[in-house]
Each structure stands twice: as C-alpha cells, then as structure tokens.
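The values are calculated or read from the model by the stated rules, or taken from the named source; none is laboratory data. Computed from a prediction, not measured in an experiment: that's the story for all the values here. Positions of Cβ are backbone-derived with ideal geometry, glycine not excepted, and every protein chain shown enters the neighbour counts. Remember, those area values only see protein heavy atoms, side chains included, never the ligands or the DNA or RNA. Shrake-Rupley method; radii C 1.70, N 1.55, O 1.52, S 1.80 Å.
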Amino acid sequence: MPPFELHDDDLPATLLAHAFDAYPNGGVASPVYQNSLFTFPDLASYEAAQRGEGSAYLYSRASNPTVRALEHKVAALQGAEAARAFGSGMGAIAAAVLGQVHAGAEVIAIEGIYGVTRLLLERYLPRFGVTVRWVSNDPSDAELDAARSEHTRLLVLESPSSVVMVLQDLARCAAWARRHDVVTVIDNTWATPLHQRPHELGVDLVCHTASKYLGGHSDLVAGVVTGTRERIKALTDHEAAILGATLGPWDAWLVMRGLRTLDVRLERHEASALTLARWLEGRPEVARVLHPGLPSHPQHDLFRRQMTGSCGLFSVVLDLGEAGIRRFVEGLRLFGIGVSWGGFESLALPLGLHMQRPPFERFVPPGLVRLHVGLEAVEDLQRDLEQALHTAARAL
C-alpha cells in the first residue's frame, strides 16, 4: 500500500480508514514498535538524532514510531499542526496546563470541569504558587474580565462539561483570551474530533482522553494534546520528556485500531442516546434530561452552531430520592456501574448521590445520574431503563 497523502478535502471517515505511512510488506495496520530504545550505525547518526534532525528515534519515552503514527492521525482529525500522545488523559491535561504556568501565574477555569482536572488546579497548582480563579460553566466576557488579572496566563474549558452538560461559546472565549494574551486549553473528549473543532474556533490546545471514544473498547488508558507545532514541541521537550507520562506503543496501536471505526461507532452512540434522552423526557420519574442535542436544552442553539453532533453520554436528574436512585441503578441489567465512558458498554453512575458526588459536588444537582449509552440494541436499553424506573418508583 502506498503512503497516504493528506488532501484538504479528505473527509474524516477517509482519514480514519487510512494510515499516513507505507507499512512494511504491504501491511494495512501499523507495526507495534515494542522498543525502549533505538540504535545507530555510527556516531554521526546518533549525534544528528540528538539534535532532532531527521526522523530517527532515540528512546520511547521521547518518541516511538507507533506512537508517532497515532499522533499524526489525531492531529489531522482535529485540524491541528501537531499532536503529542500521553499515557493517560490526565497526563495530557496536566502537561497542557503545567506547560503554560509558573510561580505567580493565575489560571481561570470553568467550575464544572472534570473532577480530577479540578483537583489538579485546586489542590496541586497552589503548592507551586499558581492561583486559580473559578468562573461559571458558561462565562460571559464580563465574568472573565472580573476574574482576570495581569498575571492570568491560562483559560481552562470543557465543552460540554461531562456531568452537567453545559457548553461554553468557544469562539467568544477564545477571542477574549487572544485579546488578553491568555492561552486557551479545552477538554474535547465528549465531542471527539469528529463533532467539535476547537482550533477552528480559536482555541490553542485541545485535549482528549483517548481511553474514551478514540479507543472505544474500554481496553486502554491514553491521552493526546493537539496544537501548533511550536506549542506541541514545547510540551514534548519539557512536560512529556521530564514528567514521563509516556504512552506505550501497544496502547498507541490499540487507539489507532479504535480510530478505524470511530465514525460508525459514534453515529450509533449518538442515535441511541438521543432516542433514550427523548423518551426519558416524558417519564414521570425524570425531573430533567441534560443533553445539549435536545431542543429542550437551554444551549441547544449554541450546540448546533459550534458542533456537528453529540455522543452517547448525557445526564438525567431523577425525582426518586436517594433510596429510589440506588434502587434504580442497582436494578439495571444492561447498564454497568462504572466511572469511565466512551466504550461499547452502557453505564450508569449516580453522581448526584451524597456519597458519590465528585469534587465539584456543589455544581452537581441532587438526583443526577450520568448515563453512557453503548452499542447494545436501543430497544433493549429502553426496556431496561423502563423496568428499573418502574421498580424504583413503585418502592417509594
């Protein structure tokens, strides 16, 4: 198979299906370069590699051919110049954040970001003299102005936030940040590169937890950051090389395998989730359905303006009380109880229970259950939800 040449008019499905390099012996899948280091025929070649010249590899903590192939593909999908893969989503997010701050710097972040990202900002960064200021999940320019100081260096976004499903107007937030020389970073895991293109809206760094939809099979942990060549090189030379959140070649291969089917999987996740979300809106046990793809969502117009689709993750607020919610979740047959999402399986997580609420619990309404709709038959999933809701309500 000849090398795949990227054309400007290639659609995402084509990018997902093809590689960017010619693999040995006509292979259509990347080899797994399970190497910790790479050797050289002479000192001149080694010294050139040390200077970063050419495409030679030194050590897999810094770079690896299998991982590099994944980075090229994700960068193209996200519409970025370059990408850097990490050993976890938090490895990617932490590198993106730490690469922009220093002692005395200030960070602005939306209040509903992923819980562990919040721990990084709220509990870890202050140890090194970095101040964090929190704004609402959909901040206005005036709110951002009030939070900013001359020391503000970074604005951290997550749109939609993966629990309460609130969007930020990315073009407006990015324009505000550029006016004030503030770097923007977003967690784009919910939308995937197929349904949201933050770089085109002005965002500087885009992060993905590749453990979710990019991998898609709940069998790996990985993360990736995309951006300009200059920004990604800085992350590669410093945060990635020094902190060592390295993605191994086997997990990189698994992510590439998952990417081959991302578009068809995501289409099924989205369609099934919307079917169930619409049905749940009519259930008496349900107080609210939080899904930006529904016309009832207060930001549905923004969703349609800056995104091309949704996924399988949304939340519901149940009017069943704590005991009823426990009976509902434990009564589900096809929905497992699990903290991640984005795989083939359906999941339910009662984040609105008193004992389960995450670090940003004051922003999670009581009774909230986060649902991930997997690839099972949607008719079976609906029957499962119906019997669990009926059983929980009858026991009240």
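Exactly one residue among Gly367, Gly312 is touching a residue at least 60 places away in the same chain (Cβ under 8 Å) and on the phi > 0 side of the Ramachandran plot, and that residue is Gly367.
Counting just the residues of the stretch 30-40 that are open to solvent by 50 Å² or more (accessible area, probe 1.4 Å) and not β-branched (Val, Ile, Thr), which one comes out nearest to Lys73 (Cα to Cα)? If you could, list the steps in order and put the result at the bottom.
Of the residues in the stretch 30-40, the ones open to solvent by 50 Å² or more (accessible area, probe 1.4 Å) are 32-37, 39-40.
Of the ones still in play, those that are also not β-branched (Val, Ile, Thr) are 33-37, 40.
Working: Tyr33: 17, Gln34: 19, Asn35: 21, Ser36: 22, Leu37: 23, Phe40: 27 Å.
Residue satisfying both the conditions and the ranking: Tyr33.
Name every residue in the stretch 95-105 that is within 22 Å of Ala241 (Cα to Cα) and either in contact with a His (Cβ under 7 Å, 6 or more places away or on another chain) or open to solvent by less than 30 Å² (accessible area, probe 1.4 Å) (or both), in order of residue number. Listed by number, the residues that qualify are Ala95, Ala96, Val97, Gly99, Val101.
How many residues are in contact with a Leu (Cβ under 9 Å, 6 or more places away or on another chain) and open to solvent by less than 70 Å² (accessible area, probe 1.4 Å) if we restrict to the stretch 41-65? Spell out the reasoning first.
Here is the first cut: in the stretch 41-65, the residues in contact with a Leu (Cβ under 9 Å, 6 or more places away or on another chain) are 46, 49-50, 57-60, 64.
Still in the list and also open to solvent by less than 70 Å² (accessible area, probe 1.4 Å): 49, 57-58, 60, 64.
Going through the stretch 41-65 one residue at a time, the tally reaches 5.
When the stretch 142-156 is filtered for residues that are open to solvent by less than 70 Å² (accessible area, probe 1.4 Å) and either of a type in the set (Ser, Thr, Tyr) or under 14 Å from Arg178 (Cα atoms) (or both), the ones remaining, listed by number, are Leu144, Ser149, Thr152, Leu154, Leu155, Val156. For the stretch 106-134, taking the residues that are of a type in the set (Lys, Arg) and part of a helix (DSSP H, G or I), the one that is least open to solvent (accessible area, probe 1.4 Å) is identified as Arg118.
For the stretch 159-178, the set of residues classified as β-branched (Val, Ile, Thr) and more than 14 Å from Cys311 (Cα to Cα) consists of Val164, Val166, listed by residue number. Among the residues making up the stretch 206-230, a single one is within 21 Å of Glu81 (Cβ to Cβ) and free of Cβ contacts under 8 Å to residues at least 60 places away in the same chain: Glu230.
So, Glu81, is that one surrounded by fewer than 18 Cβ atoms within 10 Å (Cβ to Cβ), in contact (Cβ under 8 Å) with a residue 12 or more places away in the chain and over 29 Å from Asp219 (Cβ atoms) or not? Quick ask: steps written out before the conclusion?
On the way: surrounded by fewer than 18 Cβ atoms within 10 Å (Cβ to Cβ): yes; in contact (Cβ under 8 Å) with a residue 12 or more places away in the chain: yes; over 29 Å from Asp219 (Cβ atoms): yes.
Taking the combined requirement at face value, the residue satisfies it.
Residues that are over 29 Å from Leu371 (Cβ atoms) and at pLDDT 95 or above: which strands (runs of 3 or more DSSP E) entirely in the stretch 139-249 hold 2 or more of them?
152-158, 183-187
Every condition in (1) surrounded by 13 or more Cβ atoms within 10 Å (Cβ to Cβ); (2) modelled with pLDDT under 90 is met by Gly26 except one, and the failing one is (1).
Filter the stretch 213-253 down to residues that are over 17 Å from the mean Cα position of the chain (by Cα), of a type in the set (A, V, I, L, M) and open to solvent by 10 Å² or more (accessible area, probe 1.4 Å), then give me how many there are. Quick ask: steps written out before the conclusion?
Of all residues in the stretch 213-253, those over 17 Å from the mean Cα position of the chain (by Cα) come to 228-244, 246, 248-250, 253.
Now restrict to residues that are of a type in the set (A, V, I, L, M): 232, 234-235, 240-243.
Still in the list and also open to solvent by 10 Å² or more (accessible area, probe 1.4 Å): 234, 241-243.
Residues in the stretch 213-253 being over 17 Å from the mean Cα position of the chain (by Cα), of a type in the set (A, V, I, L, M) and open to solvent by 10 Å² or more (accessible area, probe 1.4 Å): 4 in total.
Where in the stretch 262-353 are the strands (runs of 3 or more DSSP E), entirely inside, with at least 1 residues that are open to solvent by less than 20 Å² (accessible area, probe 1.4 Å) and among the small types (Gly, Ala, Ser)? Step through it out loud before you land on a result.
On the way: elements: 286-290, 313-318, 346-349.
Counting at least 1 such residues, we get 313-318, 346-349.
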